[in-house]
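Here the structure comes first, spelled out in structure tokens, and everything after it is commentary.
Nothing in this text is a laboratory measurement; each read-out follows from the coordinates by a stated rule. It should be emphasised that the depicted structure is a prediction, and the values quoted were computed from it without experimental measurement. We place every Cβ from the backbone using ideal geometry, glycine too, and count neighbours over all the protein chains shown.
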């Protein structure tokens, strides 16, 4: 994917821009002077996304990130006057279903694997070669603390988040010396709007003592990563870290069920 240079800060490809953290990430990056190539789900309303961001500096692209051929075609059709792509925000993915694995709905596994694994591979493979070719850029992946901390009920989602983290670490090793930086933001539990998706409309299932994140918190963390000077570290690690007491309770519950 090639674009010509121009614009205040360059262009950022944001995967998963139509839901979850994506709309806020898109808005905040546009406010910071980036042009955002917003990858949205087919059937979403990308025009509204562009209207709700400053200076109309958002290019909505409706595509299924699980379809690599369609993704490549969509990115090639980005307007020729788009600024140079300087970063990728890997945000496509979701948390679906909550409960023990032995009682899970198999449909939730498919819903998790397609965006969380296949979509991540496809978007990264489509955008990173251009960053490497130009000798600079940044890949920011939205992970989850579920990759590190086993929480009862998250056995379906947690392994996919561990995959995200491991891919990010491998990508960092692959890109050593290329001029392309790699960061991973690992949010804690989201607020009601986002957890509504994970829990299929049920009330939030946050442990006592854990403060929920807002989408704006993650968006600000992404913007910070992309605007820090190169000389500074940019791997923010966990956000809204659970309290030790909450984690201890969850570990005790896990042990009691074994």
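With the simple spin-label model, which puts each label point 7 Å out from Cα in the Cβ direction, the residue 107 to residue 148 separation comes to 3.5 nm. Going by neighbour counts of Cβ atoms within 10 Å, the residues 144, 178, 18 line up, fewest first, as 178, 18, 144.
Among 182, 89, the ranking by other beta carbons within 10 Å of each residue's beta carbon, starting with the fewest, stands as 182, 89. In terms of packing, defined here as the mean over residues of other Cβ atoms within 10 angstrom, the peptides 126-135, 213-222, 166-175 line up highest first as 213-222, 126-135, 166-175.
As a proxy for reagent exposure, 57, 184 were ordered by neighbouring Cβ count within 10 angstrom, fewest first; the result is 57, 184.
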